[in-house]
């Protein structure tokens, strides 16, 4: 496979050349560097790179996300956002089914390589039959197996190529699948997606492009990408759907690792600050629609520095992980607990009817931390301080709500141990 061609869009010259140096020694060619969105679109159109690395905050008439949207939609080139702040990224732009991801600066060479290849492979294959040589190349260079199929609307049968049979986990001699056989292969949680895609395609004569999972008889799962185009007779009557299927399991796993790296705290296996703040915004929107109160609670371990000083940072890390487990046991599935830095956590609770509901939650948190923790052979007793801010009583802006909760937490620290404090 030839070297992937990369366009860098970055208005800070130092960062642009740093990216170029990181990628210059790998399997990539840097076709050009653009410092504005307008110029980036022109270069993308004329040079047709395989992937665009783009900063979000750029000079020019267009915002970075708007320029990326144009490049993706009209030029079919995947875009990787580079940003110092995850909040700058539109969550709709980085869904798993979009040819886009983002990385937080500073970024390592391994992260860049993985993100570039995942973005490229996800958009490189289009509908059509591949030759045996093409499929062999896919397997050796891209680790993406591609097969073709055709769905007959009259018989409700799916006729699969050999590669498609391999992906679906069926024997080549059983290459024709009935409707019930097909549905049995699809993951139960994804069947509605596939059924809706088939129905809309046949009824509205439109193509579809979906991602879903399949289950093999041995219980193993695969993530696949399906594209289909309506097939009609000379009179315009729908005869069926012809399409391709790709095994994107490895790529999906790589994307999941990238997403976890950007959104989860590895020590406590909790949402990190950027993700928990994103959920806070969603929670506020939901509380507004439901006309309910929403609580943001900042939870802090008192005198945590003494643990690190007396028992070591490794013991301190293990204590944080055990505190995280108890915190997760205190929340409902619809609630969120995340680590926002050091020994501080942010807990989000929705659907509260009154302030007293938040008090009950805080009492539960304090009670959960009362039993001693056994960490690396040491018995550790902790106390906590909790600050509580309520939407809409204290603030309607997410950042302001967290700031109020942190102020209330600092006020709680001025009192006895295991105290929670509302904003007043």
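The values are calculated or read from the model by the stated rules, or taken from the named source; none is laboratory data. If you're wondering where the values come from, they're calculated on a predicted model, not measured in any experiment. Neighbour counts are summed over all protein chains in view; Cβ atoms, including those assigned to glycine, are modelled from backbone coordinates with ideal geometry.
Which condition does residue 331 not pass, out of (1) more than 30 Å from residue 105 (Cβ to Cβ); (2) part of a helix (DSSP H, G or I), if it passes all the others?
(2)
Has region 359-371 got at least one residue that is farther than 20 Å from residue 325 by Cβ, out of contact with any helix residue (DSSP H, G or I) (no Cβ under 8 Å at 6 or more places or on another chain) and in a loop (DSSP other than H, G, I, E, B)?
no
With the condition kept exactly as written, say whether any residue in region 113-132 is touching a helix residue (DSSP H, G or I) at 6+ places or on another chain (Cβ under 7 Å), assigned to a strand (DSSP E or B), modelled with pLDDT of 75 or more and surrounded by 15 or more Cβ atoms within 10 Å (Cβ to Cβ).
Checked region 113-132: no residue is touching a helix residue (DSSP H, G or I) at 6+ places or on another chain (Cβ under 7 Å), assigned to a strand (DSSP E or B), modelled with pLDDT of 75 or more and surrounded by 15 or more Cβ atoms within 10 Å (Cβ to Cβ).
Restricting to region 402-421, name every residue that is assigned to a loop (DSSP other than H, G, I, E, B) and without any contact (Cβ under 8 Å) to a residue 60 or more places away in the chain.
Scanning region 402-421 gives 414, 415, 416, 418.
With (1) farther than 27 Å from residue 291 by Cα; (2) surrounded by 19 or more Cβ atoms within 10 Å (Cβ to Cβ); (3) at pLDDT below 95 as the list, and residue 384 as the residue in question, which single condition is left unmet?
The number of the failed condition is (3).
From the list 344, 332, 326, which residue is exposed (fewer than 13 other Cβ atoms within 10 Å of the Cβ) and either within 16 Å of residue 277 (Cβ to Cβ) or touching a strand residue (DSSP E or B) at 6+ places or on another chain (Cβ under 9 Å) (or both)?
It is 332.
Which count do you get for residues in region 258-280 that are assigned to a loop (DSSP other than H, G, I, E, B) and free of Cβ contacts under 8 Å to residues at least 60 places away in the same chain?
Of the residues in that region, 2 qualify.
Within region 192-209, count every residue that is surrounded by fewer than 17 Cβ atoms within 10 Å (Cβ to Cβ) and either in a strand (DSSP E or B) or in contact with a helix residue (DSSP H, G or I) (Cβ under 6 Å, 6 or more places away or on another chain) (or both).
Summing the residues that are surrounded by fewer than 17 Cβ atoms within 10 Å (Cβ to Cβ) and either in a strand (DSSP E or B) or in contact with a helix residue (DSSP H, G or I) (Cβ under 6 Å, 6 or more places away or on another chain) (or both) in region 192-209 gives 1.
Out of all the residues in region 372-401, which are within 29 Å of residue 313 (Cβ to Cβ) and touching a helix residue (DSSP H, G or I) at 6+ places or on another chain (Cβ under 7 Å)?
373, 375, 376, 378, 380, 382, 384, 385, 386, 387
Go through (1) more than 14 Å from residue 420 (Cα to Cα); (2) in contact with a strand residue (DSSP E or B) (Cβ under 7 Å, 6 or more places away or on another chain) and name the single condition residue 387 misses.
Condition (1) is where residue 387 drops out.
Filter region 163-191 for residues that are in contact with a helix residue (DSSP H, G or I) (Cβ under 8 Å, 6 or more places away or on another chain) and not in a helix (DSSP H, G or I) and give the result.
Across region 163-191, the qualifying residues are 169, 170, 171, 175, 177, 186.
Taking region 210-228, which residues are surrounded by 16 or more Cβ atoms within 10 Å (Cβ to Cβ) and touching a strand residue (DSSP E or B) at 6+ places or on another chain (Cβ under 6 Å)?
Scanning region 210-228 gives 210, 211, 213, 214, 215, 222, 223, 224, 225, 226, 227, 228.
Check whether at least one residue in region 69-90 is at pLDDT below 65, in contact with a strand residue (DSSP E or B) (Cβ under 8 Å, 6 or more places away or on another chain) and within 21 Å of residue 48 (Cβ to Cβ), and report yes or no.
Checked against the condition, which is being at pLDDT below 65, in contact with a strand residue (DSSP E or B) (Cβ under 8 Å, 6 or more places away or on another chain) and within 21 Å of residue 48 (Cβ to Cβ), region 69-90 yields no hits at all.
For region 302-312, check the following and say yes or no: at least one residue is in a strand (DSSP E or B), buried (at least 17 other Cβ atoms within 10 Å of the Cβ) and in the same structural domain as residue 417 (by TED's automatic domain parsing).
There is no residue in region 302-312 that is in a strand (DSSP E or B), buried (at least 17 other Cβ atoms within 10 Å of the Cβ) and in the same structural domain as residue 417 (by TED's automatic domain parsing).
Just to be sure before I move on: is residue 5 surrounded by fewer than 16 Cβ atoms within 10 Å (Cβ to Cβ), modelled with pLDDT of 85 or more and in contact with a strand residue (DSSP E or B) (Cβ under 9 Å, 6 or more places away or on another chain) in the structure I sent?
no
Can you confirm whether residue 162 is assigned by TED's automatic domain parsing to the domain that holds residue 198 and modelled with pLDDT of 65 or more?
In short, yes.
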